[in-house]
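The values are calculated or read from the model by the stated rules, or taken from the named source; none is laboratory data. This is a predicted model, so every value here is computed, not measured. No Cβ is skipped: glycine too gets one built from the backbone with ideal geometry, and neighbour counts run over all protein chains shown.
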């Protein structure tokens, strides 16, 4: 590897070790690499890439789901979702934990934000940019693994508290109570239904679904639940704009660093090394799992995806691995990093909410990490677990002949 690349990587690692924000490390090391080691035409290309990276239509779905998540948390949609699932399972041993798990699943499926889910419930689609696979298909790949994770967490919670005498259990709800809560939560429950049925039924695209979700959530909170006032709308939009701007800065920084690596032909050199030393698809997937888990411990999902994706994805056809399956494997690996030290954003948020130190939270999260690792291994080596739904609903046909759009 060239000395210039080694210098830039050392600067990047040094900045991260000094707790400099990851996007700033990526941005400044990428710029420094272009200024010191690239000719002038490449420097101009770097400037243009900043604007082009943020002018990506695929980001629209992320930005509008951020707005949708903020509308939900500012109103009572989240509260009513939690109330409904709590009524269904709170009478079981560990019912409160099950309600939290199911609530996270419902809210996370709509908002698409790991951190937003933790904040909202604790206090009370990037791979498609790299390959030209179906965005709807990518969403479908996560359905069965996501349900399995929720199911295993609920089973673990049930057996953990089955014989506990210190945990308060609610009485079994009657039909009238369940129906009353369902009626109260109906408009909240319809939000994920509209998104999924509309998207996979062909009524609108995934990008349009994000806008539909925002409009629907706003109408429900303003005119049906009437828990949000018009003067709150401005605050929600401004908050979403700030979060979106932060996202775009991360995208720009990651793109800058990725462009520099491409200029130095680092992806090509890594590809040659991998092909020369790894010959089995099973070993390749295991290596990628370990590598991505380590990366996820130090880097946010967006930055890691934009930098590592273009390096790894061209290798997939060589090992006969489906782009869609690997998109989910990569997403899950990096998302697990939100629950692992030293960065572990979700751990610090939960610790602050529960007033517990990070050591306590790290120990408490271990059983759930084991569950996630188990499902990760299943979806890694059992491709039909991931691809069955896209195949069934006709979203896998387009990706069979797809090629990376780098």
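Observations on the model:
- Residue 219 within 27 Å of the chain's Cα centre (by Cα), surrounded by fewer than 17 Cβ atoms within 10 Å (Cβ to Cβ) and more than 23 Å from residue 57 (Cβ to Cβ): yes
- Failed condition for residue 227, given (1) in a helix (DSSP H, G or I); (2) at pLDDT 80 or above; (3) surrounded by fewer than 16 Cβ atoms within 10 Å (Cβ to Cβ): (1)
- Residue count for segment 180-214 under the criterion of being closer than 13 Å to residue 71 by Cβ and surrounded by fewer than 13 Cβ atoms within 10 Å (Cβ to Cβ): the result is 0.
- Exclusive hit being more than 25 Å from the chain's Cα centre (by Cα), at pLDDT 75 or above and closer than 30 Å to residue 224 by Cα, set 89, 5: 89
- Odd one out for residue 238, checked against (1) farther than 22 Å from residue 303 by Cα; (2) surrounded by 14 or more Cβ atoms within 10 Å (Cβ to Cβ): (2)
- Total residues in segment 22-59, condition within 17 Å of residue 301 (Cα to Cα) and either at pLDDT below 75 or exposed (fewer than 15 other Cβ atoms within 10 Å of the Cβ) (or both): 7
- When restricted to residues that are modelled with pLDDT of 85 or more and surrounded by 19 or more Cβ atoms within 10 Å (Cβ to Cβ), segment 290-311 contains 1.
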